[in-house]
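S.K.: Sending over a structure as structure tokens; questions will come in a sec.
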Amino acid sequence: MVWYVDQDKLENVAIGAGILGTGGGGNPYYGKLHVKRLLDEGARVAVVEPDAVPDDALVVSVGAMGAPTVGIERISRGDESLVALRALEEHLGRRATHLIPGEIGGGNSTRPMAVGAMAGLPVIDGDGMGRAFPELQMDTFAIYGVSVTPAALADIYHNTVVFPHLADAVTLERYARAVTVQMGGAAGYAFPAMSGAEARRTAVPMTLTLAERIGATVRDARWAHRDPIAAVLAVAGGQVLFRGKVIDVVRRMAAGFARGSLTLDGLAADRGARMTVDFQNENLIAHRDGAVAAVVPDLICLVDAETAAPITTEVVRYGLRVAVLGIPAPAMLKTERALAVIGPAAFGYPDVPFTPLSGDYGGDMPAARPAATTA
């Protein structure tokens, strides 16, 4: 099945991916505006199911890396990821046939659409995380055996860097993060390159469709004066962890990441309670009155308490009334192999066990819940 991105679906994806991005993945508003302009100029963006991708296709993941705060403070050209893709293709001696998001978070869900519009390539309905994570080794492509190199980066001046071969994804994270910092804290990327068969085996499937359905349901609920937060959970799965007012935000740039924490005082049924959320680009762990309420890889998502609009870590501020949602992680993120890379210990919480939230990722959307791969 193929569906085409139009202005309505684009708005839906921006909302849904902004929520699924757990606070990171780049600002969804900027990404939406870029694709909107390309659509206004006559571009078409096709989204194809993973099962429709030939085994011998050349699939490349494209997006942006860097700190979310830089993404809203510095104007980008918009074609950095395309330039990185062309550099990777030149190194490979072969053109890509399909694109795929590295994560479904925020702007990195729409950036492959922009590259697809400019390059005339379809985008696969899936991604490498089912959410967003801050480091390159933390996607299902790398976790389940796809080589991360060759890899390419490009900056706003079209300077490009190609890594022909590195030992592993952790090494690429170190080197690419250092280069990105020197590029001003944000860069377009193109990696990994993989076959269609590898993409089907390692991607979390149908996540663009899931994001689009979340956004459509939220907008319908707003129009009908129903509860949009309940609408999110009906599609995405999960629960409300907390409702409160942001009373403090500590945010700093460190080693190419936006790191910090936020504190909420409870409202309504949570009045008298307090929640803290730590983040590294994305929300990592939520404590309610000192007890762990949710932790990675489960999704901890901040939304506006009235509209369910996503609130990302670079824009959260004092005084916002928010709901903190807990959405169960995809099955592919909860295997022993995956938890070694994206579990609490990987983010500096070695004494916090991963106790998964109840329910299924994607709620009643079975296509978003594949059996966990062990390959």
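S.K.: Checking the conditions here, which among Asp304, Asp289 is over 29 Å from Asp6 (Cβ atoms) and not aliphatic (A, V, I, L, M)?
M.R.: Numbers: Asp304 fails: over 29 Å from Asp6 (Cβ atoms).
On inspection, the qualifying residue turns out to be Asp289.
S.K.: Just to be sure before I move on: is Thr263 among the hydroxyl-bearing types (Ser, Thr, Tyr), outside the structural domain of Gln137 (by TED's automatic domain parsing) and surrounded by fewer than 20 Cβ atoms within 10 Å (Cβ to Cβ) in the structure I sent? Write out each step before concluding.
M.R.: Working: among the hydroxyl-bearing types (Ser, Thr, Tyr): yes; outside the structural domain of Gln137 (by TED's automatic domain parsing): yes; surrounded by fewer than 20 Cβ atoms within 10 Å (Cβ to Cβ): yes.
It is true that Thr263 is among the hydroxyl-bearing types (Ser, Thr, Tyr), outside the structural domain of Gln137 (by TED's automatic domain parsing) and surrounded by fewer than 20 Cβ atoms within 10 Å (Cβ to Cβ).
S.K.: Restricting the range 302-315 to residues that are closer than 19 Å to Ile247 by Cβ and within 17 Å of the chain's Cα centre (by Cα), which is surrounded by the most Cβ atoms within 10 Å (Cβ to Cβ)?
M.R.: Filtering the range 302-315 down to residues closer than 19 Å to Ile247 by Cβ leaves 302-306, 311-315.
Those still in the list that are within 17 Å of the chain's Cα centre (by Cα) too: 302-303, 311-315.
Values: Leu302: 28, Val303: 22, Ile311: 23, Thr312: 32, Thr313: 28, Glu314: 22, Val315: 16.
So the residue we want is Thr312.
S.K.: Output the residue which, of all residues in the range 316-347 that are β-branched (Val, Ile, Thr) and under 16 Å from Gly145 (Cβ atoms), is surrounded by the most Cβ atoms within 10 Å (Cβ to Cβ). Please lay out each step first, then the result.
M.R.: Narrowing the range 316-347 to residues β-branched (Val, Ile, Thr): 316, 322, 324, 327, 335, 341-342.
Going one step further and asking which of them are under 16 Å from Gly145 (Cβ atoms), we end up with 335, 341-342.
Working: Thr335: 15, Val341: 20, Ile342: 24.
Residue satisfying both the conditions and the ranking: Ile342.
S.K.: Among the numbered conditions (1) surrounded by 21 or more Cβ atoms within 10 Å (Cβ to Cβ); (2) under 26 Å from Val303 (Cβ atoms), tell me where Ala84 comes up short.
M.R.: Failed condition: (2).
S.K.: Taking the range 161-177, which residues are closer than 20 Å to Ala258 by Cα and without any contact (Cβ under 8 Å) to a residue 24 or more places away in the chain? Explain how you work it out, then say what you get.
M.R.: First pass over the range 161-177, keeping only residues closer than 20 Å to Ala258 by Cα: 170, 172-177.
Of everything in the range 161-177, those that are closer than 20 Å to Ala258 by Cα and without any contact (Cβ under 8 Å) to a residue 24 or more places away in the chain turn out to be Arg174, Tyr175.
S.K.: In the range 275-290, is there at least one residue being touching a residue at least 40 places away in the same chain (Cβ under 8 Å) and surrounded by fewer than 16 Cβ atoms within 10 Å (Cβ to Cβ)?
M.R.: no
S.K.: For the range 20-37, give me each residue that is touching a helix residue (DSSP H, G or I) at 6+ places or on another chain (Cβ under 6 Å) and β-branched (Val, Ile, Thr).
M.R.: Val35
S.K.: For Gly31, are the conditions met, namely being on the phi > 0 side of the Ramachandran plot, modelled with pLDDT under 95 and buried (at least 23 other Cβ atoms within 10 Å of the Cβ)?
M.R.: Working: on the phi > 0 side of the Ramachandran plot: no; modelled with pLDDT under 95: yes; buried (at least 23 other Cβ atoms within 10 Å of the Cβ): yes.
No: the conditions fail for Gly31.
S.K.: Considering only the range 141-150, I want to know if a residue exists there that is closer than 19 Å to Thr207 by Cα, buried (at least 24 other Cβ atoms within 10 Å of the Cβ), touching a Ser or Thr at 6+ places or on another chain (Cβ under 6 Å) and of a type in the set (Phe, Trp, Tyr).
M.R.: Checked against the condition, which is being closer than 19 Å to Thr207 by Cα, buried (at least 24 other Cβ atoms within 10 Å of the Cβ), touching a Ser or Thr at 6+ places or on another chain (Cβ under 6 Å) and of a type in the set (Phe, Trp, Tyr), the range 141-150 yields at least one hit.
The values are calculated or read from the model by the stated rules, or taken from the named source; none is laboratory data. Just so you know, these numbers come straight off a predicted model, no measurement behind them. Don't worry about glycine lacking a Cβ; one is built from the backbone with ideal geometry, like all the others, and counts go over all protein chains shown.
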